[in-house]
Amino acid sequence: MDGEGGVIKKFLYVNRKAPYGTIYALESLEVVLIGAAFEQDVSLVFIDDGVYQLKKGQQTTVDSGIGVKDFSKTYRALEGYDVEKLYVDKKSMEMRGLSTSDLNVDVEVLDDAQMADLMAQQDIILSF
Amino acid sequence: MKFSIMVNEGPYQHQSSDSAYQFTKAALEKGHEIFRVFFYHDGVNNATCLTVPPQDDRHVVNRWSELSKKYNLDLVVCIAAAQRRGILDDNEAKRQGKNASNIAEGFRISGLGQLIEAGIQADRLVVFGD
């Protein structure tokens, strides 16, 4: 699917919530996947508890956890949708005792100023 | 200016639907264009005609329907989010083998592509949510 009349905008998806406590993370991912068909300039950031969405080793089945579908592997598939710009907020990650080696996907770590710059460059910011 | 609006929270539970309505109404009255209002997450609950609030309170659902009628406003409910939460139109009810539908007047059910398009087409996409 082509962008609307060739228009390409910069879309930023801001993921701020832990993956299973609310549905925001899952439904954000659904927007990203559908949106990929529009060939826009897409970036994702993970901030606050949103960094947990990328955590390796999630166990959510009935036997091992809360009995909810584990969608964490979908983040690894984003590359196949040409969604390759994933950013993590440095402070959010460090405050939670995480490092990039705890995460499922390759990300770029941004400090506050870099995050502000990234947001300032966008046309559309969808915050989940 | 051409706006698109996104509503991410349910009626009565959260102020975002009220704020989105007030913003949309004010923008239209000032002569701006609203390309589309897109309902997502629990925001899809703004679109059920089975809502029965107390008589001395605002009717959030009817208010959207009336605004839609007056301004020919495009109110779109995300199909995936709606099906999870039991919001169906006649077609979907039939397709899913359900014996009832509950989409309110003026709303239509469609896909997430409508949200992306709303972002592309409008000068501003304004998100109301948590």
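Table for the structure above
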read-out: Paramagnetic reach from A:T100 (point 7 Å along Cα→Cβ, amide N under 17 Å) across region A:76-92; value: A:76, A:79, A:84-92
read-out: Helix axis angle, A:24-35 relative to chain A longest principal axis, alpha carbon, degrees; value: 40 degrees
read-out: Highest-fluctuation residue, B:V77, B:V61, B:V52 considered, GNM on chain B with Cα pairs under 10 Å; value: B:V52
read-out: Residue with peak Gaussian network fluctuation, chain B [Cα springs, cutoff 10 Å], from B:G111, B:G43, B:G31; value: B:G31
read-out: Charge-dipole axis of region A:7-127 as Lys and Arg at +1 and Asp and Glu at -1 on Cβ define it, positive-most pick from A:V68, A:M95, A:I8; value: A:V68
read-out: Dipole moment magnitude, nearest 20 debye, region A:7-127 about Cα centre, only Lys, Arg, Asp, Glu C-beta charged; value: 300 debye
read-out: Angle between chain B longest axis and helix B:60-71 axis [Cα atoms, degrees, rounded to 10]; value: 60 degrees
read-out: Net charge contributed by nearby residues that have their C-beta within less than 13 Å of B:E66 (K/R +1, D/E -1); value: +4
read-out: Gyration tensor verdict on the protein assembly as shown (Cα atoms; rounded if a/c is under 1.5, prolate if a/b is larger than b/c, oblate otherwise); value: prolate
read-out: Other-chain or far-sequence residues with amide H under 5 Å of B:F35's (modelled H); value: B:F3, B:S4
read-out: Net charge dipole size for region B:2-128 [Lys, Arg +1 and Asp, Glu -1 on Cβ; Debye, nearest 20]; value: 200 debye
read-out: Top positive-direction residue, dipole computed over the protein assembly as shown with Cβ charges, set A:L29, A:G80, B:N102; value: B:N102
read-out: B:R84 paired with B:R124, simple spin-label distance in nm, labels 7 Å along Cα-to-beta-carbon; value: 2.9 nm
read-out: Length gained when the stretch A:D70-A:K91 is fully extended (0.36 nm per residue, less Cα-Cα span); value: 5.0 nm
read-out: Space enclosed by the convex hull of the alpha-carbon atoms of chain A, per residue, Å³; value: 98 Å³
read-out: DSSP-assigned coil residues among trypsin sites (Lys or Arg not before Pro) in region A:40-128, each with at most 12 further Cβ atoms within 10 Å; value: A:K56, A:K69, A:K73
read-out: Radius 12 Å from Cβ of B:S16, net charge of other residues (Lys, Arg +1; Asp, Glu -1); value: -4
read-out: Count of Lys pairs (Cα-Cα under 16 Å; at least 8 positions apart or interchain) in region A:7-127; value: 11
read-out: 17 Å Cα-Cα reach of B:K70 towards aspartates and glutamates, excluding residues that sit fewer than 8 places from it in its own chain; value: B:E29, B:E33, B:E105
read-out: Computed magnitude of the charge dipole of region B:66-130 (debye, nearest 20; Cβ of K, R +1, Cβ of D, E -1); value: 220 debye
read-out: Where labels lie 7 Å past Cα in the beta-carbon direction, separation of B:K2 and B:N72 in nm; value: 1.5 nm
read-out: Cα gyration tensor shape of chain B, rounded if a/c is under 1.5, else prolate or oblate by comparing a/b with b/c; value: oblate
read-out: C-alpha long axis of helix B:16-29 to longest principal axis of chain B, angle in °; value: 50 degrees
read-out: Options B:N8, B:A26, B:V77, ranked by Cα towards positive dipole end of chain B, top entry (Cβ charges); value: B:V77
read-out: Cleavage-rule hits, trypsin sites (Lys or Arg not before Pro), region B:7-42, DSSP coil, Cβ neighbours within 10 Å at most 12; value: B:K30
read-out: Computed FRET value (nearest 0.05) for B:N62 with A:D82, which takes r as the C-beta separation and R₀ as 45 Å; value: 0.60
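Values quoted throughout were computed directly from the atomic coordinates according to the rules given, and no laboratory measurement underlies them. No experiment lies behind these values; they were computed from the predicted model shown. Methodologically, a virtual Cβ is constructed for each residue, glycine included, from the backbone with ideal geometry; neighbour enumeration extends over all protein chains shown.
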